[in-house]
Amino acid sequence: MEKLMRRLTLWSGLGFLVTGACYGLYPQRFLLTIVITLLVLFYQLGMRLIVGNWLEPRLQLRPSAAWFKVGAGERRLYRLLRVKRWKKWLPTYSPAKYDVRQHSLADIIKTMTYAEVDHELMLLLSYLPVLLVIPFGDPVVFIISSVAASLVEVPFIVLQRYNRARLVNVLRRQAKRRPQNKM
């Protein structure tokens with residue numbers, strides 16, 4: 001998944017530059033549409049790579065913070081949404097980070113916390129292209145593309161919260177079963 005994201009970002013960036021140059025030489029409306037589409041695609045993909053690969057390592061998060069706790073109402077919502085049924089169909093950017101053979105449950109819970117925040121930031125940053133309405137007009141195009149890009153993040157946020165809550169319960173049960181060290 002990581003290679004695909006990088007390649008798509010590279011190709012959309014190159015496509016933007018080439019069509020942008022073509023538009024500069026031959027200013028036609030259809031070329032402008034392609035330039036804008038590739039620019040927005042390049043931004044949406046590139047922003048996700050920057051958030052996940054550059055920003056995430058600089059964040060300092062506590063998985064035990066109140067923001068990351070899943071309440072009873074949220075658990076009911078996940079049952080209603082049938083998360084357990086569809087979660088297996090979502091792609092994972094870095095599957096090795098979630099491998100229980102390589103990482104402890106505590107490490108995976110921390111990874112899920114960071115992944116949730118990544119997707120929440122991506123959801124918010126998906127709306128930045130709306131600012132392109134100022135130079136280009138066509139607010140409908142920018143609003144629709146931003147809403148669509150932000151909605152892509154919602155299942156990933158739900159998935160991280162759903163799975164993390166389950167792993168926290170497993171970790172809690174394991175801690176209760178471990179014999180206490182007595183002196």
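We did not get these values from a lab; they are worked out from the coordinates using the rules stated. Small disclaimer: the values here were computed from a predicted structure and weren't measured. As a convention, Cβ positions derive from the backbone with ideal geometry for all residues, glycine included, and neighbour counts pool all protein chains shown.
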Cα pair count fraction exceeding 21 Å, expressed as % - the range 1-177:
57 percent
Net charge dipole size for the chain [Lys, Arg +1 and Asp, Glu -1 on Cβ; Debye, nearest 20]
1640 debye
Distance between the C-alpha centers of the range 123-152 and the range 21-54? Whole Å please.
13 Å
Within 10 Å of each candidate Cβ there may be at most 16 other Cβ atoms; applying that plus a DSSP loop requirement, which chymotrypsin sites (Phe, Trp or Tyr not before Pro) in the range 126-183 survive?
Tyr127
Exposed trypsin sites (Lys or Arg not before Pro) absent - longest run of the chain, DSSP non-H/G/I/E/B, at most 12 other C-beta within 10 Å:
1-81
Would you kindly derive the ³J(HN,Hα) couplings of the range 65-71 from the backbone phi angles with the Karplus curve 6.51 cos²θ - 1.76 cosθ + 1.60 (θ = phi - 60°), listing them in order in whole Hz, with x for Gly and Pro?
4, 4, 4, 8, 7, 9, x
List the DSSP H helices in the chain whose Cα atoms stretch 27 Å or more along the helix axis and whose mean Kyte-Doolittle hydropathy is at least 0.0.
2-25, 29-50, 105-125, 139-177
Assuming 0.36 nm per residue, please report the length gained on full extension of the stretch Leu105 to Leu32 beyond their Cα-Cα distance.
21.3 nm
Lysine pairs in the chain with Cα distance under 20 Å, only those 8 or more apart or on different chains: how many are there?
9
What FRET efficiency would be calculated for the residue pair Leu124, Arg177, taking the C-beta separation as r and a Förster radius of 41 Å, to the nearest 0.05?
0.55
Leu10 to Gln60: FRET efficiency via 1/(1 + (r/R0)^6), r the Cβ-Cβ distance, R0 35 Å, to the nearest 0.05?
0.70
Over all distinct Cα pairs, what is the inverse of the mean 1/r for the range 74-183, reported as the Kirkwood hydrodynamic radius in Å?
16.4 Å
